[in-house]
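Read the structure below first, then the notes.
The values are calculated or read from the model by the stated rules, or taken from the named source; none is laboratory data. This is a predicted model, so every value here is computed, not measured. Every residue, glycine as well, gets a Cβ built from its backbone with ideal geometry; the counts of neighbours run over all protein chains shown.
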Amino acid sequence: MSVEQQSKRSVTVIGLGPMGQAMAGAYLDAGYAVTVWNRTAARADELVARGAQAAPSAEAAVAANELVVLSLTDYDAVFEVLESVEPALKGKVIVNLSSDTPERAREAARRLADRGAGHLTGGVQVPPSGIGSPESSTFYSGPVELFRRHRAALEVLTGVDYRGDDPGLAQLYYQIQMDLFWSSMVGYLHATAIAEANGISAEEFLPYLSSTAASMPGFQAFYAPRIAAGNHRGDVDRMTMALASIEHVRHTAEESGVDGALPAVLAEAVRRGVAAGRGADSLSVLVGRFRQA
């Protein structure tokens, strides 16, 4: 193997929480030369036993390879690391798979560009158990030439979904996915709490939950073109109907001894729309209402 080929098969992974551990492990499984660094050095022990090289410092880890993958808690941690490795950044490509806002991703890209380094933003759509699977997916954005150059290395981790040159786009797509995910998860747990408060186990509730969840793509497919067209006619549903239904959920929760704060928040969002004179319109009108908040 030539020196150029070898350089393309090497990578640094900084941040060895569960996600970083899984990423470094996937690269080892794919035959990459892997350098790792973590503030708590002991987290590298298992990877070192599998063949990874533990760098003595973050700067040494960055210096070891052109391609550097960051898997850190947030961009505060990212910026702290970048400041500590500044002398080693020139000519490096930083693939930032940490989570934060789109604007902070743009800030990271600007900081790295000022220091002669490239930046690709990533938004990983799976938990650590999904790393290494081509069926999994990660959003990427940033300079397309960097994405193309390192695509094969990125595909070791998951399938890839390139969203464009704007470094904020990958985080934007990731965060709006997380908006739906966390809202759904908290809603599921709240509904399960009501079920259990009334003697219905989580297992007994599951098939009914699954049926409702399976219906959601149909609703979304129905509403998406109407939202895009600005069509919020109340010919299928109405805000007043939604408000009454959500209030019934809240009352059921409270009568069951379950906290009604979650449905109360939902009801308040709908109530504001009704108070603004949109009670006869579809619930989809909330898209515009949320944008005005």
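Answer yes if at least one residue in region 90-112 is farther than 21 Å from TYR140 by Cα and either out of contact with any strand residue (DSSP E or B) (no Cβ under 6 Å at 6 or more places or on another chain) or part of a helix (DSSP H, G or I) (or both), and no otherwise.
yes
If the requirement is being free of Cβ contacts under 8 Å to residues at least 60 places away in the same chain, under 16 Å from ALA152 (Cα atoms) and of a type in the set (Ser, Thr, Tyr), which of these qualifies: SER71, SER57, SER10?
SER10
Could you tell me which residue of region 125-182 is nearest to the chain's Cα centre (by Cα), considering only residues that are of a type in the set (Lys, Arg) and part of a helix (DSSP H, G or I)?
Out of the qualifying residues, it is ARG151.
If you go through region 90-112 one residue at a time, do you hit one that is in the same structural domain as ALA33 (by TED's automatic domain parsing) and touching a Lys or Arg at 6+ places or on another chain (Cβ under 7 Å)?
Yes.
With respect to VAL48, determine if the residue is surrounded by 13 or more Cβ atoms within 10 Å (Cβ to Cβ) and closer than 20 Å to PHE147 by Cβ.
In short, no.
If you take the residues in region 255-291 that are of a type in the set (D, E, K, R), surrounded by 15 or more Cβ atoms within 10 Å (Cβ to Cβ) and part of a helix (DSSP H, G or I), which one is modelled with the lowest pLDDT?
That would be ARG289.
If you check every pair at least six apart or on different chains, which have Cβ atoms under 6 Å apart with a residue in region 223-243 that is assigned by TED's automatic domain parsing to the domain that holds LEU266 first and a residue that is in a loop (DSSP other than H, G, I, E, B) and polar (S, T, N, Q) second?
What qualifies is HIS232/SER282; GLY234/SER282; ASP237/SER282.
Here are the criteria: (1) surrounded by fewer than 17 Cβ atoms within 10 Å (Cβ to Cβ); (2) touching a residue at least 60 places away in the same chain (Cβ under 8 Å); (3) under 30 Å from ALA267 (Cβ atoms). Tell me which single one ASP166 does not satisfy.
It fails just one condition, (3).
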